[in-house]
Amino acid sequence: MGFFDFLKSKKIEDRFAISLDIGTEFVKALIFEVEKDKAKVLGVGRYRQKLSDMQGGMVTDISGVIQNCQAAIEIAGKQAKIIPRQVIVGIAGELVKGMTTRIKYIRENSKINISMPELKEVISKVQKVAFDKARSVLAWETGRSEIDVKLVNAAVVDVKIDGYKVTNPLGFQGKEIEVGVYSAFAPIVHLGALQTIAEALDLDLLSVVAEPYAVARCLANATTSDFSAIFIDMGGGTSDIALVRQGGLEGTKMFALGGRAFTKRLAEVFYLSFGEAEEVKLNYSTGKMQEQAKIAKVKQALFSDCQVWLSAVELTLEEFGEELLPTKILLCGGGSSLPDIAQVLENSSWYANLPFPKKPQILFIKPTDVTSVVDTTGKLKQLQDVTPMALANLAISLVGQETIFDSILSKLINSVKT
């Protein structure tokens, strides 16, 4: 029996879990223990994917990804001295559609307290509207009218009673209930691949979560009424964007352009293998490259791809509508460590074509900003570590007690899936 099998055969208490970020470039695994309202990271594992394993955030070789996930978990397990059975997995890719749907419900008798059955009915209506919309969008984008869509994850983002925002509407009286529910949908082929991976690893799947949703909820103040921001998580194969207004998540969008495209460009320009080009990119990004002529050549090689990426960001933000956009842009993900990304956002006038009230401020989310996740390993220091930490943050409530909304939506998710 190997080390991986030995650790998994031990009886593990429910407070331990794995956060698994299956990225295009790396599989990242965190093993953590939930203590009260914190996730204490005990082990960190990273394992590089082959070029054929993932494309644009989507699994293209299930057996290859399973091996990579097992290797990453094994590395984390050796450090943590434990491998739990519970896992939360992130999902990304162009065909993952996340949106917040709101409906207003007029009550017949405003003087009766809001009950659980009434609240379930309202949220169920929201889910049906969101499901139909997501299926329509995916059918249009893929050209397949009968695409099989499944609900990935859902969460109540805000509730208002007669215009007054509440955290738990049960017991309140009022005439009008407005509920906003964030729902993420994906084609069954994409979601099924992740479920197959979890089964092959013999892990209990706590949840599959849209990664931009996780990132948008990783900061302590992200749900407060005075918080508004645009989150951009730039990975190896995709860039994920989440829009938060006044603490409410408006929606998430993704496009298939990430750090791998820049590595391929450097490979072409410098006549290098992909691995050698990746090394050049990392040296350039971390400031280890000293030769000014080479720095200038790298910057010139990446210029056109940065402009394409910026255009994709602009087009994606246009899809959120004409309402004013937040003036704070928060970057994370390994791809955002490329200095040209922040520079192109800061130094061009791209924002003038969008409903920004003023020039947006460009900031980075650092691992230390995810205060609900405590790193005891000292290994979570990079921008690419934010996403698996964000997944661990969401798992805190899943490993522990269910909230009122989690309980309602877990039943709704099963009904929508069938």
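Nothing in this text is a laboratory measurement; each read-out follows from the coordinates by a stated rule. Remember, predicted model here, so these are calculated numbers, not experimental data. With ideal geometry, Cβ positions are generated from the backbone for all residues, glycine too; neighbour counts draw on all protein chains shown.
The angle separating the long axis of helix 188-200 from the principal Cα axis of greatest extent in the chain is about 80 degrees.
In this structure, residue 381 and residue 289 have a Cβ-Cβ separation that, at R0 = 22 Å, corresponds to a calculated FRET efficiency of about 0.60.
So how tilted is helix 116-142 from the main axis of the chain? Cα-based, degrees 0 to 90, rounded to 10. With both axes taken from Cα atoms, the answer is about 40 degrees.
Averaging 1/r over each pair of different alpha-carbon atoms in the chain and inverting the result gives 22.2 Å, the Kirkwood hydrodynamic radius. Per-residue ellipticity at 222 nm, computed for the chain from helices alone with -39500 (n - 2.57) per DSSP H run of at least four residues, works out to -12500 deg cm²/dmol.
The order of 226, 148, going from fewest to most other C-beta atoms within 10 Å of their C-beta, is 226, 148.
Packing, taken as the mean count of other beta carbons within 10 Å per residue, orders the peptides 87-99, 356-368, 228-240, 181-193 from highest to lowest as 228-240, 87-99, 181-193, 356-368. Report note on the peptides 303-309, 39-45: ranked by the mean count of other C-beta atoms within 10 Å, highest first, their order is 39-45, 303-309. For segment 255-364, what Kirkwood radius comes out of the mean inverse Cα-Cα distance, in Å? Computed over segment 255-364, the radius equals 15.0 Å. Neighbour counts of other Cβ atoms within 10 Å put 167, 263, 60 in the fewest-to-most order 167, 60, 263. Helix 404-417 axis versus longest C-alpha principal axis of the chain: approximately 80°, rounded to the nearest ten.
DSSP beta bridges fully contained in the chain are about 75 percent antiparallel. For the listed residue pairs 81/379; 50/133; 104/366; 125/160, the alpha carbons are over 26 angstrom apart in 50/133; 104/366. Each of residue 268 and residue 173 was given a label point 7 Å from its Cα along the Cα-to-Cβ line. The distance between the two points is 6.8 nm. Phi angles across segment 308-322 convert, under the Karplus curve 6.51 cos²θ - 1.76 cosθ + 1.60 with θ = phi - 60°, into 3J(HN,Hα) values of 5, 4, 5, 5, 5, 4, 4, 5, 5, 5, 4, 5, 7, x, 9 Hz, Gly and Pro given as x. Packing-based ranking of 320-327, 372-379 yields 372-379, 320-327, ordered from highest to lowest mean Cβ neighbour count within 10 Å.
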